[in-house]
Amino acid sequence: RAKLSGRGTWCRFTPGMEGELRARQELRTALRRAFGTDELALHYQPLVNLRAGTISSFEALLRWRHPEFGMVSPADFIPVAEESGLIKPIGAWVLRTACAEAAGWPEPIGVAVNLSVLQFRSGGLAQIVREALDHSGLVPARLQLEITESVLLDDNGANIRTLRDLRDMGVRITMDDFGTGYSSLSYLRQFPFDKIKVDRSFVSELPEGRESMAVIRAVAGLGRSLGIVTTVEGVETELQLATVTAEGFDEAQGFFFSQPIPADQVRRTLAALGIL
Ligand code: C2E
Ligand code: MG
Ligand code: MG
Ligand code: MG
């Protein structure tokens with residue numbers, strides 16, 4: 001059986017070299033069985049508008065609670081979902097569920113959904129998004145789709161066309177994990193992103209890390225001159241928050257504000273903040 005070791009509330013696989021394949025196969029079987037049950041759920045982490053000091057949206061983050069393994073990290077099961085093709089039905093379910101849940105939040109609070117590059121393959125993504133919006137009644141402008149550079153790296157033109165279709169629908173497109181790729185800057189030329197989200201690894205080195213500080217400052221400047229909303233993920237301390245605020249970032253997200261929370265706590269959180 002797959003060996004799992006507890007680390008905090010998360011379980012991570014710790015397979016030996018020869019155990020890796022078996023562990024993945026077992027995880028794939030378990031994930032296939034879990035899909036469609038309440039083992040899979042979305043948690044939501046707030047993005048805070050730094051000027052207004054209020055929640056602008058929540059990022060939907062997939063959670064899997066296995067009956068024996070406990071919480072399995074997305075870092076472990078998203079790759080398995082991608083390899084097995086399960087990411088397509090799971091990704092469509094994430095879109096439907098996130099839109100339906102967000103439709104119950106007060107306007108204009110939005111929801112951000114992560115997309116895998118594999119959801120772009122073999123078409124149909126724009127239609128799936130359209131159906132999720134129609135079915136939920138969520139206004140398209142309240143939906144943000146977070147993609148990583150792999151979507152543009154993989155591209156033969158079809159992904160860009162899909163992104164344009166989505167944007168024409170009124171959906172917002174975010175470049176996630178900015179700065180971690182090979183040529184994040186060149187991607188800004190290929191598609192007019194609505195938002196840039198700087199990767200956590202830069203924020204975690206603030207304010208001491210000179211290189212990270214330089215990247216943060218450069219992205220803030222890019223956002224200003226290109227008219228793109230700037231966000232950071234992984235803000236954990238007051239000093240990090242003060243730093244990105246001083247640099248002029250529009251939004252921030254991180255444990256300093258809140259961990260990702262279950263859907264039924266979102267309304268309670270908004271009520272406690274006087275937003276609801
Ligand atoms: P991501 O999209 O970059 O999401 C941000 C990750 O950073 C989340 O991890 C979140 O819990 C974590 N995080 C947020 N604030 C902090 C902080 O202050 N400190 C630290 N240490 N971590 C923070 P999570 O939920 O484990 O998700 C990991 C990745 O899995 C996501 O990275 C995303 O790429 C992927 N993922 C999650 N849900 C989905 C989904 O529904 N579909 C797809 N395709 N990918 C997903
Ligand atoms: Mg994301
Ligand atoms: Mg991210
Ligand atoms: Mg990230």
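Taking each residue as 0.36 nm, the span from Thr245 to Ala52 lengthens on full extension beyond its C-alpha to C-alpha distance by 68.3 nm.
Rounded to the nearest angstrom and ordered from largest down, what semi-axes does the equivalent ellipsoid of segment 115-174 get from its C-alpha gyration tensor (root of 5λ)?
So the three semi-axes of segment 115-174 are 20, 11, 10 Å.
Once the Cα-Cα distance is subtracted from the 0.36 nm per residue extended length, the Asp264 to Ser122 segment shows a gain of 47.7 nm.
In nm², what is the average projected area of the convex hull enclosing the Cα atoms of segment 67-147?
6.1 nm²
Taking only the Cα atoms of segment 223-276, the radius of gyration and Dmax are 13.4, 39 Å.
So what's the back-of-envelope 222 nm ellipticity for the chain, counting only DSSP H runs of four-plus at -39500 (n - 2.57) apiece and dividing by all residues, rounded to 500?
-12500 deg cm²/dmol
Reducing segment 20-56 and segment 177-239 to their Cα centroids gives an inter-centroid distance of 24 Å.
How much net charge surrounds Trp105 when only other residues with a Cβ under 9 Å from its Cβ are counted (Lys, Arg +1; Asp, Glu -1)? After counting each charged neighbour, the total is 0. Using the Cα gyration tensor of the chain, with a ≥ b ≥ c the square roots of its eigenvalues, what is the shape: rounded (a/c below 1.5), prolate (a/b larger than b/c) or oblate (neither)? Rounded, since a/c falls under 1.5.
Relative contact order of the chain, taken over Cα pairs closer than 8 Å and 6 or more residues apart, is 16 percent. Shown here for segment 49-96: GluC sites (Glu not before Pro) in loop regions (DSSP other than H, G, I, E, B) with at most 16 other Cβ atoms within 10 Å, namely Glu68. Based on alpha-carbon atoms, the Kirkwood radius and the radius of gyration of segment 49-208 give Rg/Rh equal to 0.96.
Could you tell me the ratio Rg/Rh of segment 165-262? Both radii from Cα atoms, Rh via Kirkwood.
Working: Rg = 13.5 Å, Rh = 13.8 Å.
Reported Rg/Rh (Cα atoms, Kirkwood Rh): 0.98.
Once the chain from Glu208 to Arg189 is taken as fully extended at 0.36 nm per residue, the excess over their C-alpha distance is 3.8 nm. Under a 5 Å amide H cut-off, with hydrogens placed 1.01 Å from N, Leu50 pairs with Glu251, Ala252 among residues at least 5 apart or on other chains. Here's the picture: charge each Lys and Arg Cβ at +1 and each Asp and Glu Cβ at -1 in segment 98-193, and of Leu125, Asn156, Pro140 the one pushed furthest to the positive end of that dipole is Asn156.
Near Pro46, within a Cβ-to-Cβ distance under 13 Å, what is the net charge of the other residues, with Lys and Arg +1 and Asp and Glu -1? Here the charged neighbours net out to -1.
Put a plus charge on the Cβ of each Lys and Arg, a minus charge on the Cβ of each Asp and Glu, and nothing anywhere else: the dipole of the chain about its Cα centre is then about 420 debye. Rounded to the nearest 20, the size of the Cβ-charge dipole of segment 19-86 about its Cα centre is 100 debye, with Lys and Arg at +1 and Asp and Glu at -1.
Run the numbers on segment 119-276 and let me know its relative contact order in percent, using alpha-carbon pairs under 8 Å that are six or more apart.
Working: 191 pairs, mean separation 24.1, N = 158.
Worked out over segment 119-276, it gives 15 percent.
Here, each number is a calculation from the coordinates, and none is a lab measurement. Since the structure is predicted, the reported quantities are computational estimates derived from the model, not experimental observations. Glycine gets a Cβ as well: all are built from the backbone with ideal geometry, and neighbour counts include every protein chain shown.
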